[in-house]
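The values are calculated or read from the model by the stated rules, or taken from the named source; none is laboratory data. Values in this document were obtained by computation on a predicted structure and should not be read as measured data. Glycine also receives a Cβ, built like all others from the backbone with ideal geometry; neighbour counts cover every protein chain displayed. Ligands, DNA and RNA are stripped out before the accessible areas are found, and what is left, the full protein with its side chains, is counted by its heavy atoms. Shrake-Rupley method; radii C 1.70, N 1.55, O 1.52, S 1.80 Å.
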Amino acid sequence: MKIDSINIDSFKQIVFFTGAGMSAESGVPTYRGEGGVWHEYNWQEYACQEAWELNPEKVFDFHDLRRAEALKCFPHKGHDVITALQNTHPNVLIVTQNIDGMHQRAGSENVIELHGSIWRIRCEKEGWVKEDLITSNFEKRKCDCGTWLRPDIIWFSDMLNPDTVQQANEAISKCDLFISIGTSGVVWPAAGYPQLAKSTGAMCVEVNPEPSEQAWMVDDVYKGKAGEMLPLLFDV
Ligand code: OAD
């Protein structure tokens, strides 16, 4: 396929905004498409505060499985393109909805994780958050204080972390190039980010084999997979 590459040097601030489709070619399932996690699992039983309060063991089992599956997967060429761009352009940020840590595993830095991470755990009673990267299973399910620990993930109906939202809003409203990759654009507030970027004057493009809910308002839609499109779109 012949497509014109994007000259990143002509932009001052660049945001890559990623969703589950960014990790799809690594082998991590998306949430809503064919084979999506929410087709196999009812999120009400696995991914909300009520589910965790009712049956924390079941919620931990589900997230241990997500960790084990993520560890079987590896970053692909699309992740490498973003990392390479970050290495040469300090003005490249990533805002991701993904909780799988795949951008960091590809060597990316400056990753704003809107929906948290399966590689962090927190104690709500003692008020701490820690990385937990050692094994596929979370190291501990209960805190030394006796309460259940909680994966540091934004579940359905949770408030997003206000500091993370502020960082994302700031990055997106300052950027002049916004590249949305692999998100269906149905989960808010993330779904509003292409509109935010557009309203502050950024050029907005989308990479997705299927148009997202926000495809109508971006400048260009590149219909294709992240791992195939990103190497074509950016010379690194
Ligand atoms: P979805 O599963 O809703 O959407 C995945 C998107 O990726 C779809 O638009 C697909 O067309 C696209 N896609 C599939 N394969 C692709 C590929 N190889 N390259 C590029 N795009 C591809 O996932 P999200 O939009 O990320 O929340 O979902 C948003 C949030 O809903 C997630 O962060 C998650 C979920 O509940 C939490 O984990 C807290």
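Table for the structure above
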| read-out | value |
| --- | --- |
| Entirely in the stretch 1-119, the helices (runs of 4 or more DSSP H) that have 2 or more residues that are hydroxyl-bearing (Ser, Thr, Tyr) | 77-88 |
| Lone unmet requirement of (1) surrounded by fewer than 18 Cβ atoms within 10 Å (Cβ to Cβ); (2) near the ligand (Cβ under 10 Å from one of its atoms) for Ala47 | (1) |
| Within the stretch 1-44, tally of residues that are within 20 Å of the chain's Cα centre (by Cα) and under 26 Å from Thr200 (Cβ atoms) | 10 |
| Long-range neighbours under 9 Å by Cβ, at least six apart or interchain, first residue farther than 18 Å from Asn55 by Cα within the stretch 32-44, second of a type in the set (A, V, I, L, M) and open to solvent by 60 Å² or more (accessible area, probe 1.4 Å) | Arg32/Val186 |
| In the stretch 139-160, the residues that are at negative phi and either aliphatic (A, V, I, L, M) or within 16 Å of the ligand (Cβ to nearest atom) (or both) | Leu149, Arg150, Pro151, Asp152, Ile153, Ile154, Trp155, Phe156, Asp158, Met159, Leu160 |
| Residue within the stretch 70-78 that is over 30 Å from Asn7 (Cα atoms), surrounded by 14 or more Cβ atoms within 10 Å (Cβ to Cβ) and touching a Phe, Trp or Tyr at 6+ places or on another chain (Cβ under 6 Å) present | no |
| Subset of the stretch 86-137 [in the same structural domain as Ala190 (by TED's automatic domain parsing), open to solvent by 20 Å² or more (accessible area, probe 1.4 Å), more than 16 Å from the ligand (Cβ to nearest atom) and touching a residue at least 60 places away in the same chain (Cβ under 8 Å)] | Thr88, His89, Asn91, Leu93 |
